[in-house]
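The values are calculated or read from the model by the stated rules, or taken from the named source; none is laboratory data. Bear in mind that the values here come from a model prediction, so they are computed numbers and not experimental data. Note that each Cβ is placed from the backbone with ideal geometry, even for glycine, and that neighbours are counted across all protein chains shown.
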Ligand code: MEV
């Protein structure tokens, strides 16, 4: 690889020009890499343009598997849930959990609230009570001045739900916020919120300047920034399952009975509640499900993740997002999850597969999709903890890992079958599998083959 040189005007190059620059500067076999990049382009140039326009400096598409989980019963509806994820065993785990709960009443989900948040952060060098004194009028002014932006959303039942003045001067000199709450109906609402906030910031500055009773310094208010907050604890959904402990059945081929399972499961959840290291991995398992559905439906998984992790630390310590309780012979398992998502706007209708995902889910409202996403997180979490407290996680993982290794080794169907049989009761590692396949290829493995 050549040493990278500063390039100017790169964004103005054509797509082919960008590719040429890239392959010629960073690869020893440019033609082959160019062919490979092109092989991932959409066949239809019109469709490829849609993908190119999602981002900048695009040279190709990056594929991830698109899988589905059937039989997910939520309240009284049966869903087939789309998931985009590269990690082996996640879809299989969600499917197994969906099947498990299907015969035990299915999943339940309820929306607790749907409020999103935005802030105008500003500095003001006056006495707080003076600002507080004009705040009622300022609020009306902001509502009026943002009317042209909020009108359509209000017609759909949304808009600004509240405006608060927050005094943060005890944390940082002169620092205040306008904290706005929003209802954005079926859209994620990021653009709507940010446009409204920027307009609110202009209103705020103008209104303060108009206050004749304010000194020259008091009329000078500095807006630092206006932006939505991805922390939306009041955009919350609860997903849950419950059944009599006796109905949980037995695990590990009958070695673990229902009571023991429920006990260990509840204990595992307590550990994830009190131990930060475990909580992080536990929640990662939840996000395996949540992110995969978010991606499949064209939602912003980074926003969801950052919000979820903040929520997990809301009492000052990072904790498990899910909870379990075994009481009076009943096993309960639930997840409260803040999810600011949308089913209209953004990628949801532009990405052809996001559109199909929503169609597969029956073109849900944002609230319905919140339920589906939270349930998938709970299902994923159930499957992971179930494995952890019974067989261990590696049994399932390794089966999928083995499939990936076989793909990597470009194993034939015959080689794959023989390898799967051989490793059914053995520890899988890349080296061991490679050695086995190599021996199969050289005919030195006959005594292993079943
Ligand atoms: C792996 O992607 C996720 C798990 O580690 C989650 C967990 O430990 O609960 C299996």
Unmet requirement for residue 220, which otherwise passes all of (1) over 23 Å from residue 340 (Cβ atoms); (2) touching a strand residue (DSSP E or B) at 6+ places or on another chain (Cβ under 8 Å): (2)
Filter pass, residue 224 being over 15 Å from the mean Cα position of the chain (by Cα), in contact (Cβ under 8 Å) with a residue 40 or more places away in the chain, within 16 Å of the ligand (Cβ to nearest atom) and surrounded by fewer than 17 Cβ atoms within 10 Å (Cβ to Cβ): no
Residue 284, sole failed condition from (1) touching a helix residue (DSSP H, G or I) at 6+ places or on another chain (Cβ under 8 Å); (2) under 28 Å from residue 299 (Cβ atoms); (3) free of Cβ contacts under 8 Å to residues at least 24 places away in the same chain: (1)
Yes/no for residue 301 being touching a strand residue (DSSP E or B) at 6+ places or on another chain (Cβ under 8 Å) and away from the ligand (no atom under 11 Å from the Cβ): no
Matching residues in region 357-392 - criterion: being in a loop (DSSP other than H, G, I, E, B), surrounded by 18 or more Cβ atoms within 10 Å (Cβ to Cβ) and within 16 Å of the ligand (Cβ to nearest atom): 390
Search result, residues across region 87-125 that are modelled with pLDDT of 95 or more, assigned to a loop (DSSP other than H, G, I, E, B) and within 23 Å of residue 285 (Cβ to Cβ): 103, 104, 105, 106
Lone unmet requirement of (1) touching a helix residue (DSSP H, G or I) at 6+ places or on another chain (Cβ under 6 Å); (2) away from the ligand (no atom under 13 Å from the Cβ); (3) more than 17 Å from residue 89 (Cα to Cα) for residue 293: (3)
